[in-house]
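Notes for the one structure printed next.
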Amino acid sequence: MTPTAIGLLAIVAALLAALPATVTLLNLRAFRRGPKAGQPQSVSVLVPARNEAEAIPRLMQDVLASRGVDLELVVLDDESTDGTGDIVAHLAERDQRVRLVRGVPLPPGWCGKQHACALLADHARHDALMFVDVDVSLTPDAVARGVAFLDASAADLVSGFPRQRTGSFLEWLLLPLIHFVLLGFLPIARSRATNSIGMAAGCGQWFITRREAYRRAGGHAAIRASLHDGVMLPRAYRRAGLRTDIFDASDIASCRMYTRSLDVWKGLAKNATEGIGSPATIVPFTILLAGGGIVPMVLLGIGLATGWQGWPAWAVGVTAAAVGLSYLPRLVAVFRFGQSLASAVAHPLGIAIFLAIQWYSLIRRGLGLKTSWRGRSLQPQ
């Protein structure tokens, strides 16, 4: 490759890196935190649980410590085999705010989580419905502030993005990319203004809505076969003409989604083909992510290895700009969301493995191969 061709590649890489850098900076003000709570409200906190005996006591403790709300905690034991239901039942005997719902065999055509959430909504007593995953940790004001954001936004469905706690290598490397992709490629202000289905976004770990809006959108029955409620539930609301919104919950909620690198790979692959890894989006996102996140460092490596010999001065400068732009969103996340600086430095490697998971998932789907999650066989639609 000639120096001029390398320089032109650097220009393309800089432009691709500039997109998420610019959108991230514009989103910092729009991606606001939940407001302080006003008057106490009644809330049904709804938790689907399947084999969560280790995590469910901590979540129930978090929810029951909530301040500024009149709540009920409803947990659906989705045919657990580890005693999850017995733990909930024991607490329900001592605290009247807790109710246990026993799951039923999964009907054909349903994903387990969507079926569990639909049943939970049927059993909820209050108007405000808050769906929370077991692996989310909440501060005492989290429930009240989540409902306060629902009211302040005037949206019909809102979703909080918790701070992601990481341990294993792939957790540390890949999970910070949740904020990178969200803030780098979704112009939040435009998403709020247009209500476009294609700009719907959410985090399946924490959704808040009200009963009538949930009914109008079709609830989780509208996405019964989906494996990725974080994307598909907001889309269902927008198809019904309802508004959705997102907020930064990193100060009031955290989540440890996985505990092993293998589970990170399987979990991200499970959801991929309903998001970035879908047939319609995987090629453009591969170009955007690889071109703006990997190519700048490759060019930098070539330049350093060759001593920049024969490179035009402008090509060196453009390469440096491309590298800086590629890292800018990750450095913003380090300071805004408390993410690991070392993980941010490893950004090109994270992008490479993230894209590998998307392609892996798409290829498996094309071959008709099923995967399993929590003991159930799954097939993305």
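Read-outs throughout are calculated quantities, based only on the coordinates presented, and are distinct from any laboratory measurement. Just so we're clear, the structure is a prediction, and the values are computed from it rather than from any experiment. In this analysis, Cβ positions are derived from the backbone assuming ideal geometry, glycine residues included, and neighbour counts consider all displayed protein chains.
Miscellaneous remarks
- With the simple model of a label 7 Å out from the Cα in the direction of the Cβ, E93 to I197 spans 5.0 nm.
- Estimated from the Cβ-Cβ distance and a Förster radius of 56 angstrom, the FRET efficiency linking M1 and A240 is about 0.65.
- Shape call, the stretch 108-224: gyration tensor on alpha carbons, a/c limit 1.5: rounded
- Between L15 and S168, the simple spin-label model (points 7 angstrom out along Cα→Cβ) gives 4.0 nm.
- Secondary structure note: in the stretch 29-257, about 30% of the DSSP beta bridges are antiparallel.
- Here, P(r) means the percent of Cα pairs in each 5 Å bin from 0 to the largest distance; for the stretch 48-166 it is 2, 10, 20, 24, 22, 14, 6, 2, 0.
- Two-site FRET efficiency, T22 against F335, from Cβ-Cβ distance with R₀ of 25 Å, rounded to 0.05: 0.90
- Cα gyration tensor shape for the stretch 81-125, rounded if a/c is under 1.5, else prolate or oblate: oblate
- Computed from point charges on the beta carbon alone (+1 for Lys and Arg, -1 for Asp and Glu), the dipole magnitude for the stretch 3-140 about its Cα centre is near 760 Debye.
- Here the stretch 330-367 is scanned for amide nitrogen atoms under 16 Å from the site 7 Å beyond the Cα of K266 along Cα-to-Cβ, giving 361.
- Approximate shape of the stretch 29-257 as ellipsoid semi-axes (Cα gyration tensor, √5λ), whole Å, largest first: 25, 19, 19
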